[in-house]
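Data first, discussion second: the structure below is written as structure tokens.
The values are calculated or read from the model by the stated rules, or taken from the named source; none is laboratory data. What you are looking at is a predicted structure, and each value in this text was computed from that prediction instead of being measured. Heads up, the Cβs are rebuilt from the backbone with ideal geometry, glycines too, and the neighbour counts pull from every protein chain shown.
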Amino acid sequence: NDSEPISLYRCKNSSKYISKHRIIDGISDCYLNDDEQEYALSCSIQNKFRFQCFNETICRSPLISKNVCPFKKRTNLEEITFQEICDRNEQLSPVIIDKRIHTDETDCQHWQCSNIYTRCDKFWSCSDGIDEENCTRPICSHGNLPCVSPFNYTLGCLSADRVHDGIIDCLGAADELQYCRTQSQAFGIYHGFRCLNDTKCVGSAYLCDSYAHCLHNDDEAFCGERRRICDKHMVLNRTNLEHALCAFSDLKQTSFFSFETLPSYPSSSKRTINRVAKLLPEQPDTINNSKYKIINSSLAWYCNYGIYVRFRLNGQYSNVTYRCFCPPHFYGDRCQYQNQRVSLTLKLMAFDRREIYIIFIFLIDDDGDRQEINSYDQSTYVSDNTCQAFWNIYLLYSMRPKNNSNNYSVHIDAFSKSSLTYLA
């Protein structure tokens with residue numbers, strides 16, 4: 001039978017058939033890898049979730065991250081974000097102020113190079129790389145950069161004085177990441193692997209994908225039999241050489257100000273506690289262990305989904321009992337029963353990327369004459385930061401069990417946080 005099912009693809013030089021939905025999905029299913037090279041066929045598949053990158057004719061599977069798409073370079077910049085100031089990447093055109101030439105990289109010697117915006121972003125904002133210290137698997141000692149030779153593909157360590165000096169010493173320009181950062185500034189991310197003797201930069205998803213994206217094949221030459229080395233499922237199985245390449249060719253994620261990640265200033269290591277220590281009374285070398293009782297580790301499961309705690313009555317050590325602290329959606333003396341609830345999963349998208357929104361979600365009991373709020377959840381939505389995040393929310397009924405004769409509904413309200421304008 002020469003006819004082939006229209007929903008199947010036949011691998012070249014093989015009798016194997018696969019679903020057409022597995023074409024260009026980042027996984028090689030055919031021996032010759034031709035299912036990952038059927039670019040023309042990829043757009044004939046009726047799948048609304050497939051996507052195309054800018055100026056490309058390939059329709060990729062939703063299994064592939066959209067971060068593989070290159071971004072257009074921003075031009076004629078008049079404004080940059082706060083975190084782009086003094087990041088060792090000049091973006092604003094020079095201007096003369098008080099007879100001096102100024103850019104976004106002027107007077108940066110007064111700037112704290114290791115901060116919440118630069119910490120662990122894979123780019124040396126400090127000349128000695130202290131902002132990237134202990135962020136990934138340690139390969140080289142402090143002040144040295146992991147560097148793969150572009151000539152023999154061996155891993156070595158490059159001294160700090162040769163990093164960001166304008167001369168490319170490492171494969172993918174890992175020591176000169178400013179080249180790729182300047183080329184792809186859109187949305188604050190970059191493709192960080194620079195092709196040899198070229199200005200083209202590609203992302204980590206392109207490394208070892210059996211297709212040469214660089215003119216001299218340098219994105220594939222070091223791979224051997226290894227494939228998709230920078231995929232998340234390969235993290236625990238990478239060599240040091242692969243860790244070095246993936247670390248610097250991954251996309252940079254924009255950092256956002258948060259009190260949770262704000263470092264203390266000055267750092268706690270510089271504080272002295274001698275004065276406090278002198279005020280403390282001397283403590284005996286031995287501790288009276290009679291007050292403390294070691295709890296059997298098997299009791300950790302006694303409360304099911306709760307926490308097993310020791311509870312002192314009236315603050316007396318001699319009067320102790322044990323209780324279970326239950327999460328909101330469980331109850332019972334051992335947290336063995338589930339509260340009736342509505343489980344809700346949301347993914348939001350905003351048209352204004354600069355706006356911050358407040359989202360209220362209510363579980364409402366509507367009996368016709370009045371409405372009663374059973375439970376609610378309040379969240380802050382920042383488009384740039386939480387655009388891809390899913391929210392998992394539990395809304396509990398106020399009665400146990402719920403009144404089956406009542407009508408319940410979920411209401412979602414959105415407000416602008418800056419103006420408190422009701423939006424939806």
Is it true that Asp165 is over 26 Å from the mean Cα position of the chain (by Cα), buried (at least 16 other Cβ atoms within 10 Å of the Cβ) and in the same structural domain as Gly203 (by TED's automatic domain parsing)?
no
Restricting attention to region 123-144, which residues are in a loop (DSSP other than H, G, I, E, B) and under 24 Å from the mean Cα position of the chain (by Cα)?
Phe123, Trp124, Ser125, Cys126, Gly129, Glu133, Asn134, Cys135, Thr136, Arg137, Pro138, Ile139
Which of the residues belonging to region 382-403 are surrounded by 16 or more Cβ atoms within 10 Å (Cβ to Cβ) and either at pLDDT 85 or above or in contact with a helix residue (DSSP H, G or I) (Cβ under 6 Å, 6 or more places away or on another chain) (or both)?
Ile393, Leu395, Leu396, Tyr397, Lys402
Hey, any hits in region 370-377 for a residue that's of a type in the set (D, E, K, R), assigned by TED's automatic domain parsing to the domain that holds Met349 and assigned to a strand (DSSP E or B)?
yes
Hey, any hits in region 286-308 for a residue that's at pLDDT 85 or above, surrounded by fewer than 10 Cβ atoms within 10 Å (Cβ to Cβ) and either outside the structural domain of Pro401 (by TED's automatic domain parsing) or touching a Phe, Trp or Tyr at 6+ places or on another chain (Cβ under 9 Å) (or both)?
no
Do any residues in region 389-414 that are assigned to a strand (DSSP E or B) have Cβ atoms under 6 Å from those of residues that are among the hydroxyl-bearing types (Ser, Thr, Tyr) and surrounded by 11 or more Cβ atoms within 10 Å (Cβ to Cβ), where the two are at least six apart or on different chains, and which pairs are they?
Leu395/Ser375; Leu396/Ser375; Ala414/Tyr357
Of the conditions (1) of a type in the set (S, T, N, Q); (2) modelled with pLDDT under 90; (3) touching a Gly at 6+ places or on another chain (Cβ under 8 Å), Ser210 fails just one. Which one is it?
(3)
Can you tell me which residue among Glu132, Glu176 is modelled with pLDDT of 85 or more and crowded, with 19+ Cβ neighbours inside 10 Å?
Glu176
Here are some residues: Cys157, Cys120. Which one is surrounded by fewer than 16 Cβ atoms within 10 Å (Cβ to Cβ) and in a strand (DSSP E or B)?
Cys157
Qualifying positions in region 9-57 - part of a loop (DSSP other than H, G, I, E, B), among the hydroxyl-bearing types (Ser, Thr, Tyr) and surrounded by 15 or more Cβ atoms within 10 Å (Cβ to Cβ)
Ser28
Say we look at region 135-152 and pick out the residues that are surrounded by 12 or more Cβ atoms within 10 Å (Cβ to Cβ) and in contact with an Asp or Glu (Cβ under 9 Å, 6 or more places away or on another chain); which of these is nearest to Leu241 (Cα to Cα)?
Cys147
